[in-house]
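The values are calculated or read from the model by the stated rules, or taken from the named source; none is laboratory data. On a predicted model such as this, the values are computed, not experimentally measured, just so you know. A quick note on method: Cβ atoms are made from the backbone with ideal geometry, for glycine too, and the neighbour counts reach across all protein chains shown. Please note that ligands, DNA and RNA were not included when accessible areas were found on the heavy atoms of the full protein model with its side chains. Shrake-Rupley method; radii C 1.70, N 1.55, O 1.52, S 1.80 Å.
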Amino acid sequence: MRSIVPILTVVAVILGLWYLAAVRLNATWVYDQAARDGVTVSFAELVPMTWSQERPVLPAPHQVAKGLYDGLFGQKITSKRSLVYHGWVTLSATLLGFGFGSVAGILLAVGIVYNRAMDMSVMPWAIASQTIPILAIAPMIIVVLNSMGVTGIVPKAIISAYLSFFPVVVGMVKGLRSPDAMQLDQLRTWNAGGFDSFAKLRLPSSMPYLFASLKVGVAASLVGTIVGELPTGAVAGLGSRLLSGSYYGQTVQIWAALFAAAFVAAGLVAIIGAVERVVLKRMGMAR
């Protein structure tokens with residue numbers, strides 16, 4: 001109970017502030033309608049009216065919850081209105097891009113640690129690549145790939161990999177360099193070669209750093225996939241739900257898609273965390 005009460009308190013405060021913000025932001029429309037009808041709206045009448053608008057500026061929490069429930073359970077999963085259907089489209093591209101980005105990040109990290117030329121050349125470029133706004137580069141990638149006949153999931157996966165590889169590179173480099181000089185010298189006294197020092201010291205030492213970076217990378221990968229869905233005018237994916245919601249002013253739909261994306265990201269991070277606990281426990285690095 002001691003661990004649950006603070007969490008519930010924070011959630012309650014957030015919900016309270018959210019409801020108050022919904023009243024404040026949606027009140028303008030209510031007052032405008034009342035002025036047109038020549039009637040006066042009391043505060044007691046105002047509150048429920050601001051929490052039940054069809055297209056509010058800020059949907060109330062219960063409206064978002066209903067939209068999320070209807071999208072997840074109120075439709076067939078094959079329906080174009082189902083958040084399960086759109087979530088799977090986004091998730092498939094995310095997993096593909098995350099796989100590409102993670103493998104590329106690990107390989108680059110190994111090269112950076114063991115090759116000074118790569119350390120001096122690749123790492124600055126990797127850092128510089130992250131200064132380019134993804135909203136600017138995503139349409140360029142999609143247009144170029146479409147001109148080459150590459151469509152579907154691959155362009156989104158490439159954008160996803162672009163955002164996910166950098167945290168993996170940084171975390172893996174930090175992890176591979178975490179053994180101190182005394183540990184490395186001890187391996188040399190045992191006549192251990194470069195591969196032995198990598199497999200038996202550097203790689204195991206990098207595992208906590210790797211899993212931490214993978215958690216960041218998978219969340220960034222999901223963001224990259226959603227961003228990749230926006231400039232294409234996609235008809236499937238959580239990005240398409242955000243896009244169609246903004247076109248038609250369906251703010252409840254937008255917020256429901258945002259929460260669905262947050263749940264997908266939380267689930268992916270939780271899976272990586274579970275794998276981390278199992279791996280580190282088997283390696284004797286965690287209880």
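On the protein heavy atoms, probe 1.4 angstrom, tell me the percent of accessible surface of the range 1-123 carried by carbon and sulfur.
69
Can you give the helix-only mean residue ellipticity at 222 nm for the chain, where every DSSP H stretch with n ≥ 4 adds -39500 (n - 2.57) and the sum goes over all residues, rounded to the nearest 500 deg cm²/dmol?
-26000 deg cm²/dmol
Enter the accessible area of Val278 (Å², nearest 10), with the probe set to 1.4 Å and all protein chains included.
90
Checking the table Lys156/Lys215; Lys174/Lys200; Lys174/Lys215; Lys76/Lys215; Lys66/Lys156 against a 27 Å threshold on Cα-Cα, which pairs fail?
Lys76/Lys215; Lys66/Lys156
Taking the simple approach of a point 7 Å from Cα along Cα-to-Cβ for both Met140 and Val39, what is their distance in nm?
Calculated label separation equals 5.6 nm.
Got the relative contact order for the range 26-91 handy, in percent, Cα pairs under 8 Å and 6 or more residues apart?
Computed over the range 26-91, the figure is 19 percent.
In nm, give the distance between the simple-model label positions of Arg55 and Leu107, each being 7 Å from the Cα along the Cα-to-Cβ direction.
Each label point is offset 7 Å from its Cα along the Cβ direction, giving 4.9 nm.
Grab the other residues whose beta carbon is less than 14 angstrom from that of Gly171, score K and R as +1, D and E as -1, and report the net.
+3
So, with +1 on the Cβ of K and R and -1 on the Cβ of D and E, and no other charges, what is the size of the charge dipole of the range 203-287 about its Cα centre, to the nearest 20 debye?
420
For the chain, modelled as a GNM with alpha-carbon contacts under 10 angstrom, which of Arg277, Arg36, Arg81 fluctuates the most?
In the Gaussian network model the winner is Arg36.
Based on the Cβ-Cβ distance from Val150 to Val278, what FRET efficiency comes out when R0 is 35 Å, to the nearest 0.05?
My answer for the efficiency is 0.45.
List every DSSP H helix in the chain whose Cα atoms extend 15 Å or more along the helix's own long axis and whose mean Kyte-Doolittle hydropathy is at least 0.5.
Going by DSSP H runs, the hits are 4-37, 83-114, 116-129, 134-147, 153-176, 203-229, 251-282.
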